[in-house]
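A.B. asks: Structure below; questions to follow.
Read-outs: derived from the displayed coordinates by stated rules, not from any lab. Fair warning: this is a prediction, and the values are worked out from it, not measured in the lab. All Cβ positions, even for glycine, are placed from backbone atoms using ideal geometry, and neighbour counts span all protein chains on display.
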Amino acid sequence: MTGAAEPPAPLPDELQAWLAHLAVERRLAARTLVLYTEALQRLVHAAQALPVDLAAVQVHHVRRWAAQLHGQGLAPRSIAIVLAAWRGLYRWWIDNGRLQHNPVVGVRAPKAGRPLPKALSVDHAVALAEHRPANVDPLIQARDHCIVELLYGCGLRVGELVALDVAASGTAAGWIDRHPPEEATAHVLGKGGKRRSVPVGRAALQALEAWLAVRGGMAAPDEPALLVGRRGARLGAAQVRSSLKAAALKAGLPVHVHPHMLRHSFASHLLQSSGDLRAVQELLGHASIATTQVYTRLDFQHLAKVYDAAHPRARKRGG
């Protein structure tokens with residue numbers, strides 16, 4: 001089995017015919033056709049290496065080739081695309097009466113590892129929250145500061161944030177109780193229609209109060225939303241993403257920042273400080289603690305970096 005570095009194998013006319021079928025009759029996207037072409041080139045080269053006729057390929061051949069791709073470092077998702085192309089080709093041959101058995105049925109790509117959530121360092125999170133860009137409309141600055149503090153300070157999802165109203169009502173999806181200040185609480189409607197309450201810290205409460213003091217200069221009359229745009233109506237999730245991206249750039253952060261990254265940062269930093277996984281699960285509104293446990297891996301990475309940087313037995317010594 002070859003890696004991507006080897007010259008592509010020429011495709012027989014019968015495979016070209018299937019690609020044409022996909023392009024003309026199935027209207028597959030150009031990028032998908034490119035990936036399927038590469039997958040068929042892998043199939044041709046693998047069959048030639050044995051050698052075995054493509055029509056005589058058996059399931060054990062396919063399993064062997066998939067394992068070889070994995071051993072060469074091809075990502076599980078890429079292997080899944082290769083297998084999908086092969087499976088489609090043999091299904092087409094079966095539909096056209098050429099074969100009776102699909103050798104790729106039942107062969108699955110290796111399970112992809114769950115990627116770690118991306119969180120900011122504490123220094124970067126604080127730098128973002130404390131940055132005050134020059135030459136910015138004071139109303140926008142107060143609102144965007146409030147957005148950052150609520151996302152990072154409360155671990156809200158962007159949908160929960162934009163659904164917040166100024167006050168509780170029968171129709172409000174979420175709101176913030178500000179009194180007494182030491183017990184300020186955000187009440188939100190999370191995934192699956194589940195409500196939860198999250199403490200609002202001092203910094204977030206100060207940012208909220210500063211925004212409420214000027215919100216009337218931007219909000220339309222009778223607009224219930226806590227966060228509003230220039231037209232006075234409720235702010236949308238896309239607008240929050242855009243404003244947060246711009247704020248991170250102005251603050252000089254070296255990474256692209258999006259709302260869920262601040263939620264990840266909230267969880268990771270809280271877990272680093274407290275070690276209380278159950279509490280973090282409750283604050284995030286996770287139905288299963290297994291979802292929250294991914295942050296323990298982030299926490300271990302943080303500890304490993306501290307160890308590598310500080311422990312004398314971890315440092316590489318020259319000579």
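A.B. asks: Hey, got the dipole for the chain? About the Cα centre, +1 on K and R Cβ, -1 on D and E Cβ, debye to the nearest 20?
C.D. replies: 660 debye
A.B. asks: Here's something else I'd like to know. Counting other Cβ atoms within 10 Å, keep those with at most 15, restrict to DSSP loop, and tell me which trypsin sites (Lys or Arg not before Pro) in region 75-152 are left.
C.D. replies: Values: sites: Arg77, Arg87, Arg91, Arg98, Arg108, Lys111, Lys118, Arg143; in loops: Arg98, Arg108, Lys111, Lys118.
Those satisfying the criteria are Arg98, Arg108, Lys111, Lys118.
A.B. asks: Okay, moving on. Could you list which residues have their amide H under 5 Å from that of Val228, counting only those 5 or more apart in sequence or on another chain, with H placed in the peptide plane?
C.D. replies: Leu235
A.B. asks: What number, in percent, do you get for the relative contact order of the chain if the mean sequence gap of Cα pairs under 8 Å and at least 6 apart is divided by its residue count?
C.D. replies: 14 percent
A.B. asks: Let me have the 222 nm mean residue ellipticity of the chain computed from DSSP H runs of 4+ only, each contributing -39500 (n - 2.57), with the sum over all residues rounded to the nearest 500.
C.D. replies: -16500 deg cm²/dmol
A.B. asks: Continuing with the same structure: Rounded to whole Hz and in sequence order, give me ³J(HN,Hα) for region 211-221 from the Karplus expression 6.51 cos²θ - 1.76 cosθ + 1.60, θ = phi - 60°, writing x for Gly and Pro.
C.D. replies: 5, 4, 5, 10, 4, x, x, 10, 6, 6, x
A.B. asks: Tell me, what ³J(HN,Hα) does each residue in region 61-72 have, in order and in whole Hz, if you take phi through Karplus 6.51 cos²θ - 1.76 cosθ + 1.60 with θ = phi - 60° and put x for Gly and Pro?
C.D. replies: 5, 4, 4, 5, 5, 5, 5, 5, 4, 5, x, 7
A.B. asks: Across region 261-270, in residue order, what do the Karplus-derived ³J(HN,Hα) couplings come to in whole Hz, using 6.51 cos²θ - 1.76 cosθ + 1.60 with θ = phi - 60° and x for Gly and Pro?
C.D. replies: Coupling constants for region 261-270: 5, 6, 5, 4, 5, 3, 5, 5, 5, 5 Hz.
A.B. asks: Taking a quarter of the surface of the convex hull around the Cα atoms of region 122-308, what do you get in nm²?
C.D. replies: Seen from a random direction, the Cα hull of region 122-308 projects 11.2 nm² on average.
A.B. asks: Using a 10 Å cut-off around each Cβ, can you sort Met261, Met218 from fewest to most neighbouring Cβ atoms?
C.D. replies: Working: Met261 22, Met218 19.
Neighbour counts put them in this order, fewest first: Met218, Met261.
A.B. asks: What percent do you get for the relative contact order of region 122-308 when only Cα pairs under 8 Å and 6+ apart count?
C.D. replies: Reported relative contact order: 23 percent.
A.B. asks: For the chain, count all C-alpha to C-alpha pairs, find those more than 37 Å apart, and express that count as a whole percent of the total.
C.D. replies: 44 percent
A.B. asks: Same structure again: Can you tell me the length gained on complete extension of the stretch Ile289 to Glu209, counting 0.36 nm per residue apart and subtracting the Cα distance? Please list the in-between numbers first.
C.D. replies: Values: separation 80, 0.36 × 80 = 28.80 nm, distance 3.35 nm.
Result for the pair: 25.4 nm of gain on full extension.
A.B. asks: Just to confirm the filter: which trypsin sites (Lys or Arg not before Pro) across region 193-243 are DSSP coil and have at most 16 other Cβ within 10 angstrom of their Cβ?
C.D. replies: Lys194, Arg230, Arg231
A.B. asks: If you don't mind, there's one more thing I want to ask. If you average 1/r across every pair of different Cα atoms in region 13-95 and take the reciprocal, what Kirkwood value do you get, in Å?
C.D. replies: 13.2 Å
A.B. asks: Over region 13-95, calculate the relative contact order: mean separation of alpha carbon pairs under 8 Å at least 6 apart, over the residue count, as a percent.
C.D. replies: 36 percent
A.B. asks: Right, next: Rank these for me by crowding, Leu50, Leu22, Leu33, going from fewest to most other beta carbons within 10 Å. All intermediate terms of the calculation are to be shown ahead of the outcome.
C.D. replies: Numbers: Leu50 12, Leu22 20, Leu33 16.
Arranged by neighbour count, lowest to highest, Leu50, Leu22, Leu33 become Leu50, Leu33, Leu22.
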